1. Whether any residue in segment 116-136 is more than 26 Å from residue 171 (Cα to Cα) and either within 16 Å of ligand 2 (Cβ to nearest atom) or in contact (Cβ under 8 Å) with a residue 12 or more places away in the chain (or both) is what I want to check.
2. Quick check on segment 132-155: of everything there that is more than 22 Å from residue 183 (Cα to Cα) and touching a strand residue (DSSP E or B) at 6+ places or on another chain (Cβ under 8 Å), which residue is surrounded by the most Cβ atoms within 10 Å (Cβ to Cβ)?
3. Give the residue, chosen from 80, 73, that is within 24 Å of residue 165 (Cα to Cα), modelled with pLDDT under 95 and in contact with a strand residue (DSSP E or B) (Cβ under 9 Å, 6 or more places away or on another chain).
4. Select the strands (runs of 3 or more DSSP E) contained entirely in segment 1-108, then report the ones holding at least 1 residues which are within 16 Å of ligand 2 (Cβ to nearest atom) and touching a helix residue (DSSP H, G or I) at 6+ places or on another chain (Cβ under 8 Å).
5. Out of 207, 159, 200, I need the residue that is crowded, with 23+ Cβ neighbours inside 10 Å, touching a strand residue (DSSP E or B) at 6+ places or on another chain (Cβ under 8 Å) and part of a helix (DSSP H, G or I). Which one?
6. From the list 55, 24, pick out the single residue that is touching a strand residue (DSSP E or B) at 6+ places or on another chain (Cβ under 9 Å), touching a residue at least 40 places away in the same chain (Cβ under 8 Å), within 16 Å of residue 151 (Cα to Cα) and within 16 Å of ligand 1 (Cβ to nearest atom).
7. Regarding segment 238-253, can at least one residue be identified that is at pLDDT 90 or above, in contact with a strand residue (DSSP E or B) (Cβ under 8 Å, 6 or more places away or on another chain) and on the phi < 0 side of the Ramachandran plot?
8. Are any of the residues in segment 98-113 touching a strand residue (DSSP E or B) at 6+ places or on another chain (Cβ under 6 Å) and closer than 30 Å to residue 30 by Cβ?
Ligand SMILES: Nc1ncnc2c1ncn2[C@@H]1O[C@H](COP(=O)(O)OP(=O)(O)OP(=O)(O)O)[C@@H](O)[C@H]1O
Ligand SMILES: [Mg+2]
């Protein structure tokens, strides 16, 4: 099987006041072509660090990461990636359309193709009405959308989104959910981190859960959670122990029955 992402025994240590922080601790993970995989875990678990290694932003202390079979440190591995950072920001003096034009030029897109693609991604993230306004006048959610449009300008085969629904209202979150489903239906691979577990549940083929830099659970949601359990409750049970389950509020979803029993690696 060909994989979009292959991570093998990845370790990342950061220096911290005379000691080190082990941000990733022997992480191994695979994402198959055309899968939508949710990357979840508590704050500080190492999700963004893993994504940064995939994008070649940081060098791992040891281990390997590959994109479509190429070492992630090679720039050719990143040509097929679209990436939305955790805290998206961009050139605020440009209009949305100008930003997308600049991004397309960086990918050496031809004029006619570029014009069509700009219109398509503006439609996709539903920000056509503000396309000719300066980004400096955008709201936080609008900024998120235009940065997402930028991530998609090159029609990437692998879309990596670091908390794409952060800062979005419920409608915006639903739009992102639809977008992820649409990208997956188009055969793209989507790897995204999120704390919105009810949404992750709805849109993912599989989840990978990280805690303290280690993979603590991985698989289809229906395989992981117990019958009648939500992903949120599973998260609390797995990451913080049984007492924390009482903190989870039951949802209507939890009243329904799940057929398969879960397992952990
Ligand atoms: N540049 C850095 N220098 C030192 N420590 C770092 C650096 N980047 C990340 N860390 C540490 O590595 C650990 C993992 O951080 P990371 O940002 O990957 O977590 P995360 O899972 O993305 O968390 P969140 O859900 O809050 O975004 C944390 O302890 C963090 O403080
Ligand atoms: Mg993060």
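1. no
2. Here is the first cut: in segment 132-155, the ones more than 22 Å from residue 183 (Cα to Cα) are 132-140.
Now drop any that are not touching a strand residue (DSSP E or B) at 6+ places or on another chain (Cβ under 8 Å), which leaves 132-135.
Details: 132: 10, 133: 14, 134: 15, 135: 20.
If we take residues in segment 132-155 being more than 22 Å from residue 183 (Cα to Cα) and touching a strand residue (DSSP E or B) at 6+ places or on another chain (Cβ under 8 Å), then 135 is surrounded by the most Cβ atoms within 10 Å (Cβ to Cβ).
3. Selected residue: 80, the only one of 80, 73 that is within 24 Å of residue 165 (Cα to Cα), modelled with pLDDT under 95 and in contact with a strand residue (DSSP E or B) (Cβ under 9 Å, 6 or more places away or on another chain).
4. Details: elements: 3-16, 19-32, 36-40, 62-67, 81-84.
It comes to 3-16, 19-32, 36-40, 81-84.
5. Numbers: 207 fails: part of a helix (DSSP H, G or I); 159 fails: part of a helix (DSSP H, G or I).
Of the residues listed, the single one that is crowded, with 23+ Cβ neighbours inside 10 Å, touching a strand residue (DSSP E or B) at 6+ places or on another chain (Cβ under 8 Å) and part of a helix (DSSP H, G or I) is 200.
6. Sole residue among the options that is touching a strand residue (DSSP E or B) at 6+ places or on another chain (Cβ under 9 Å), touching a residue at least 40 places away in the same chain (Cβ under 8 Å), within 16 Å of residue 151 (Cα to Cα) and within 16 Å of ligand 1 (Cβ to nearest atom): 55.
7. Of all residues in segment 238-253, those at pLDDT 90 or above come to 238.
Imposing the further condition that a residue be in contact with a strand residue (DSSP E or B) (Cβ under 8 Å, 6 or more places away or on another chain) reduces the set to 238.
If we keep only those that are on the phi < 0 side of the Ramachandran plot as well, we get 238.
Yes, segment 238-253 has at least one match.
8. Let us first name the residues in segment 98-113 that are touching a strand residue (DSSP E or B) at 6+ places or on another chain (Cβ under 6 Å), namely none.
No, because not a single residue in segment 98-113 is touching a strand residue (DSSP E or B) at 6+ places or on another chain (Cβ under 6 Å) and closer than 30 Å to residue 30 by Cβ.
The values are calculated or read from the model by the stated rules, or taken from the named source; none is laboratory data. For clarity, every value in this text was computed on a predicted model and none was experimentally measured. Using ideal geometry, Cβ is built from the backbone for each residue, glycine included, and neighbour counts are taken over all protein chains shown.
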